[in-house]
1. Show which lysines lie in cross-link reach of residue 394 when reach means a straight Cα distance below 30 angstrom and same-chain residues fewer than eight apart are skipped.
2. Would you mind computing, in nm to one decimal, how far apart the modelled labels at residue 115 and residue 221 are, each placed 7 Å from Cα along Cα→Cβ?
3. Is the shape of region 234-311 rounded, prolate or oblate, going by the alpha carbon gyration tensor and its root eigenvalues a ≥ b ≥ c, with a/c under 1.5 for rounded and a/b larger than b/c for prolate?
4. I'd like to compare 317-323, 41-47: which one has the highest average count of other Cβ atoms within 10 Å, and what's the full order after that?
5. When the accessible area of region 590-633 is split by element with a 1.4 Å probe, what percent falls to carbon and sulfur?
6. Antiparallel as a % of all DSSP beta bridges within the chain, to the nearest 5?
7. For region 134-237, just say rounded, prolate or oblate: build the C-alpha gyration tensor, square-root its eigenvalues into a ≥ b ≥ c, call rounded for a/c under 1.5, and beyond that prolate if a/b exceeds b/c, oblate if not.
8. Just grab the label-to-label distance for residue 43 and residue 677, each label 7 Å out from Cα along the Cβ direction, in nm (one decimal).
Amino acid sequence: MATDQDQEVSEAQIAVHWREEEYYYPPAKFIGQANANDPAIFERFREEDFPECFKEYADLLTWDQYWKTTLDTSNPPFWKWFVGGRLNASVNCVDRHLATSRNKAALIWVPEPESEETQAITYQELYKRINEFAALLRGFGDVGIGDRVTFHLPMVPELPVSMLACARLGVIHNEVFGGFSGAACGGRIADSGSRILITMDGYYRNGELIDHKAKADEAVAAAKEQGFEVDKVLVWRRHPGQYSSKTPMVAGRDFFVDELMHEYAGRLVDPVSMPAEAPLFLMYTSGTTGRPKGCVHSTGGYLAYVTGTAKYYQDIHPEDTYWCAADIGWITGHSYIVYGPLSLGTSSVMYEGVPLYPDAGRMWRIAERLGVSIFHTAPTTIRLLRKFGPDEPKKYDYHFKHMTTVGEPIEPEVWRWYHEVVGKREAVIVDTWWQTENGGFLGSTLPALQPMKPGSCGPGVLGIYPVIYDEERKLVEVGSGRAGNICIRNPWPGIFQTIWGQDERFVETYYAKYCRDKESKDWRDWPYLAGDGAVQAADGYIRILGRIDDVINVAGHRLGTKELESAALTVDEIAEAAAVPVVDELRGRAVEMYIALKPGLKPSKELEEKVIKAIEKEIGKIARPKNVWIVTDMPKTRSGKIMRRVIAAISNFTDIGDVTTLANPEIVDSIRHQVQTEKAARGEVPRELTPQEVEEMKRFGQAE
Ligand code: PRX
């Protein structure tokens, strides 16, 4: 929708003077052992060699039938990779390692309570568990090729087992992050059409055994409200034989997996040989409109891409002990806890709980105890660990060769703490920029061959050719200091295939804006719009400025303003709601809600609480707003659109800009006075924002 602000000078035309950071170089010891330490690799991935360069990634896999066409572009932008090829993802992640590494740990699972023992699950044991559960899913669940199964599972080994059992059968798995509410899970069940929900009775978080099964009942009810019936709920038990939830099991619908399993013990299931372009899984994410987007990821292209990038960018060798401390409920966990690392035959660590439980040394005790060599986490966790235990890492004798950061821009000083204190100056760091839609990394540095630069992710990764365009579709020159919308010029094997059931939205959201010719079958005419603002320095390194759509990145999790606002609007008393990001010391961004009440109603603490509760119920605790401001009216354009940019500026104490074109400019001062006085009283005046953050706030809400 056009806004009054469109008449202003485009943001991309405003040159920003970024302070350039110094390069950091990898230690010689790292370079010597790296998977990619010969610059010839850049030659092999030159643009002239696209798309054939990706044969190198596909050749890391074991194919039942080799493919014929590397990239089929006959129906843009629905790209098909490795066409004609057949393979099975569970075979690639497990079966193929049995001959050499049967007894090696595939997963090392660390329960949150320190009194509970760590479990090392060998490739052989994982193979058995996957087969048994696949037999159960097929026999009892009656699912097969192309069916969808939704999981609402926490960080337990049963999650990768369930994923790989589905993959073995050609069933499309759909994991919903365990921290999401039952209602959010129900929406995803209905959207994906899953007759089966797989959950767990409980799990440990911050010292507490959480009742998780309760959410399954809410999920089934929410799906029903949307007209979709779930047939079966399969419940893994955190302590087999012992039920940790207070909610009753529903007869004929709910079943304990450990009880059903007796019948399937020891069963083997032939892996189904799947076409390369068959969907492997769905991963839902937020977008500009309320309906979440089920990103469809392929089997061959996705697996090839995560295996290749895990090998070269994560530098995973089979001998490593690799720990990605993300949650498998997000794309990072799918690609870089499960599929990439297991496909490479390494040992992948999973931790059930929160980083600070029971104290700020926990993460480093795990690293020391397990001899972790590669560590992977998000800026929000790094900030947390730095705040609550800045000196903890030195107390523990662990040595990382490699560390990753992902999910949000990292502040250079936080980066330096990660490097000096966590990495003990021994580790390389890769800052990996990418998205749920992308399958794997888009921007980063090849750790032995390209120096690190704090705050920049690096150039496009191998075979990825980024470009920045402005709103007028003109190229923003590299090194110009100007920001714009980052796009990827070419398709790549890890790109998602579509939005489940929403092909038009897929084309509209990611391709319509910069497509040069809708009839063209040439991939060069179809740049992929990532949805992030970015600036590219003269050395090609990219600095990501955050989302250009109405998505708020809270602790690396994407929350759509529309989802937050519709959740708030479930409260009867509310007439209008607007969600904006506010800079937060730990979470990167937090959500603030602005609320206008129906006529005649008075603001109250109870109403603020009601809004918070509604958001937790509809989305989950991660979306809990930092503040709810009940205001007399919202600043609006003459066409009635709420100016989120203006309220974001108020919340962040940044320059509000020109508001004279608004329908009700007088309201701005009154809101500013109300909110900023209260924030000052609460000691919530933020530090001065960086140019990067100011830029983000100016852009917020403009792309609608
Ligand atoms: O804004 C970018 C930010 O996170 C968004 C993608 O979020 P999601 O789909 O949840 O995937 C997160 C993990 C892959 C991006 O559009 N983002 C992700 N990584 C970075 C980042 N921003 C800056 N630097 C990063 N390394």
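The values are calculated or read from the model by the stated rules, or taken from the named source; none is laboratory data. Keep in mind it's a predicted model, so treat the numbers as computed, not measured. Note that each Cβ is placed from the backbone with ideal geometry, even for glycine, and that neighbours are counted across all protein chains shown. Remember, those area values only see protein heavy atoms, side chains included, never the ligands or the DNA or RNA. Shrake-Rupley method; radii C 1.70, N 1.55, O 1.52, S 1.80 Å.
1. Straight-distance partners of residue 394: 29, 104, 311, 424, 453.
2. A separation of 3.4 nm, rounded to one decimal place.
3. Oblate, because a/c is 1.5 or more while a/b does not exceed b/c.
4. Taking the mean over residues of other Cβ atoms within 10 Å, the ranking is 317-323, 41-47.
5. Solvent-exposed carbon and sulfur of region 590-633 make up 58 percent of the total.
6. Bridges in the chain that DSSP calls antiparallel: roughly 60 percent.
7. Verdict is oblate for region 134-237.
8. If labels sit at residue 43 and residue 677, their model points lie 7.1 nm apart.
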